[in-house]
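All of the numbers you see were taken from the coordinates with simple rules; none came from a lab. The shown structure was predicted, so the numbers you read here are calculated from the model rather than taken from an experiment. Note: ideal-geometry Cβ built from the backbone for every residue, glycine included; neighbour counts use all protein chains shown.
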Amino acid sequence: MDPMTQRRIIVVPGRLERHIAHCWEEAHAEQRRRIKAATEEAQAEAERAREAARAAEEAARLARCPRPDKVAWGTREGAQDGVHVMRSRRQDPDLTLVAYRCSCGGWHIGNDRSGRATIGPRVPP
Ligand SMILES: [Zn+2]
């Protein structure tokens, strides 16, 4: 008889169980890696979409802004903080600086030319 056909499976106690457990664990580890990779890719894609939306929104704001050269804050408080920072950096604090709402929807800092400056008299140089 052909010696190849005489091969017999030798079952070592516990070995088959360990092999099955190992294969099972390998399959699960692979599945976890794939889920993690798919999750990370989906998160990266969502972040790219958010960034594209932010860029489109900013481009639209700049297109309707009469002063696109100016920094735009999202809130009045942010722009007012900017006013305080600008004043604190100058020896001659420009007390006419005010935060104002722009037609672009943002808040800018500019000189109050309305004559309604309520912050106090300008400090002479
Ligand atoms: Zn503007």
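Listed by first and then second residue, the pairs with beta-carbon distance under 9 Å, at least 6 apart or on different chains, first residue in the stretch 62-89 and small (Gly, Ala, Ser), second within 14 Å of the ligand (Cβ to nearest atom) and part of a helix (DSSP H, G or I), are Ala72/Glu58; Ala72/Arg61; Ala72/Leu62; Ala72/Ala79. Anything in the stretch 68-110 that is over 25 Å from Arg54 (Cβ atoms), in contact with a Pro (Cβ under 7 Å, 6 or more places away or on another chain) and surrounded by fewer than 13 Cβ atoms within 10 Å (Cβ to Cβ)? List them, or say none. Hit for the stretch 68-110 is Asp92, nothing else. Applying the criterion of being farther than 12 Å from Gly105 by Cα and assigned to a helix (DSSP H, G or I) to the residues of the stretch 63-78, the residue that is nearest to the ligand (Cβ to nearest atom) is Gly78.
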